[in-house]
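Before any comments, here is the structure.
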Amino acid sequence: MQQQVHDLIDRQLRDWDTARENYAALGRVRLRDSEIAGRSVVVMQYNPERKRSSGASVDAASLMARPCFLCKEHQPVEQETIEWEGRYKIQVNPYPIFPDHLTISALEHTPQSIAGRRIDDMLNLARLLDDFVLFYNGPRCGASAPDHMHFQAGNKGFMPLCDEVMDESLWTPEQLLLTSKEGFLGFTDQLGRNLFFIKASERVVASLLFARLQLAMIVASGNADDEPMMNVLCWWEQGNYCIVVFPRRKHRPECYGEGDGQMLVSPASVDMGGVWAIPVEKDFEDITGDQVQGIYDELCMDGAGMVKIIETLIQLD
Ligand SMILES: [Zn+2]
C-alpha cells in the first residue's frame, strides 16, 4: 500500500494545481531551530498556508456553519482518494507541513475520537506506511476538524522528538510503568514536555498498553464523558510499534492571537513532535526557545497531573 500512496502523491502534485503550488512553496520555506531542556530540538517553519489551520474557529457554532472539508461532497474534484478497509480514505493534505503529508479520514462524518479500535487502526496504518509517522489530534487539542474523525501522516525523520524518544538512556527502570517481554510503557520529563512512550514488538501489546493509559487518564481526569485531552504520534520502526502520548490540559496558549504581544500558534501533534509551523512572519522571527518551552509548560500536563495519571495507572494494574 505504501507504493500506492507514494504514487498518489506523485499524481496529485502533477495534476492538482493547489497541491503542486503549496508543496513547491513548502520547498522554499524558511526554517530555524532552537534547543529546549538542553537536549530537545525544536524547528520553526514559516508557513503562511497553515493560517487556515492555526486560525481555525473550532467552536460548535463555527463548525455547524462551515462545509466540512473532509466530507467528499465538499472536497475539490481533483482530490483523489485511496480507500483502506472500507472505513478510511487516504489523501494528500493540500496544506502541508511535511514534504509528504497525508490526511487519513473516516469515510463517514463522525466525531474525532481515538476510543475503541481507532488505536488499532493507527497501529496497522503505521505498520503499512512505515515511511511515515501517523498522528492524532484530540478534538480540543489542535484538530481543525474535530467533527470529522481523521489521522494525519508525515515523513519519518522530520519531527525531532521521534528520534529523541528512541534514546535508550531515557528509559531507566524508574521511568518504566508497565513492562513485559514484548514491550513497555514509560514516561519522561527530560525532553521539555511531559509524555508517555509505548514501545512494543507486538501490535496487540502496544494497543493494550495504550488502552490502559487511556483508562488511567480518564479516571485521573474525573470526567468519563469527554476524551482526555491528548496528542498522539505513532510509527513502526525496527520491529517495534512506537506510540508517544502527550497528555494536555489546555487547547490554546494565553498568547494566542494576532494583536500586540500575541502569537498565532495553536500547538498540536506536530508542534509537540518538535516542528512549529508558524503562519505569521513576525511570530516566526520573534519566537524564542524560552517561549516555546513556556507554551509547552502551559499546554501540556504538569508534574502533579502526571503523578495522578501514573498513580491511577498503577492502582488499576
Ligand atoms: Zn465531514
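Quick look at the numbers
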item: Gain on full stretching of the segment that runs from ALA115 to ASN240 - 0.36 nm per residue minus C-alpha separation; result: 42.8 nm
item: When each of LYS89/LYS250; LYS156/LYS181; LYS72/LYS156; LYS51/LYS250; LYS250/LYS308 is checked by Cα-Cα distance, pairs over 24 Å; result: LYS89/LYS250; LYS156/LYS181; LYS72/LYS156
item: Cysteines having no other Cys beta carbon under 4.7 Å from their own, within the chain; result: CYS141, CYS162, CYS234, CYS242, CYS255, CYS300
item: Ordering of 180-193, 251-264 by burial proxy (mean other Cβ atoms within 10 Å per residue, highest first); result: 180-193, 251-264
item: Two-site label geometry, LEU176 and VAL204: point separation in nm, points 7 Å out along Cα→Cβ; result: 2.1
item: Choice from ASN137, ASN124, ASN231 showing the highest fluctuation, given a GNM over the chain with Cα pairs closer than 10 Å; result: ASN124
item: With 10 Å bins from 0: P(r) over the range 60-189, alpha-carbon pairs, percent; result: 11, 36, 34, 15, 5, 0
item: Shape call, the range 1-132: gyration tensor on alpha carbons, a/c limit 1.5; result: rounded
item: Backbone HN-Hα couplings from phi across the range 292-305 [Karplus 6.51/-1.76/1.60, Hz, Gly and Pro as x]; result: 4, 4, x, 6, 4, 4, 6, 8, 7, 4, 7, x, 5, x
item: Mean ellipticity per residue at 222 nm, deg cm²/dmol - from DSSP H runs of n ≥ 4 across the chain, formula -39500 (n - 2.57); result: -9500 deg cm²/dmol
item: Whole-Å semi-axes of the range 2-316's equivalent ellipsoid (Cα gyration tensor); result: 28, 23, 20
item: Karplus-derived 3J(HN,Hα), 6.51/-1.76/1.60, for each residue of the range 25-38, Hz, glycine and proline x; result: 5, 4, x, 10, 5, 7, 10, 8, 10, 9, 10, 10, 6, x
item: Pairwise FRET efficiency - GLN291 versus SER169, Cβ, R0 = 22 Å, nearest 0.05; result: 0.20
item: The range 1-72: radius of gyration and largest Cα-Cα distance (Dmax), Å; result: 17.0, 45
item: Per-residue HN-Hα couplings for the range 83-100 [Karplus 6.51, -1.76, 1.60; θ = phi - 60°; Hz; x = Gly/Pro]; result: 7, 10, 6, x, 10, 10, 10, 9, 9, 6, 6, x, 10, x, 10, 9, x, 10
item: Cα-centre dipole for the chain with unit charges at Cβ (Lys and Arg positive, Asp and Glu negative), debye to 20; result: 360
item: Contact order normalised by residue count of the chain, Cα under 8 Å, 6+ apart, percent; result: 21
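Computed from the coordinates by the stated procedures, all read-outs in this text should not be read as laboratory data. Model, not experiment: these values are computed from the prediction. All Cβ positions, even for glycine, are placed from backbone atoms using ideal geometry, and neighbour counts span all protein chains on display.
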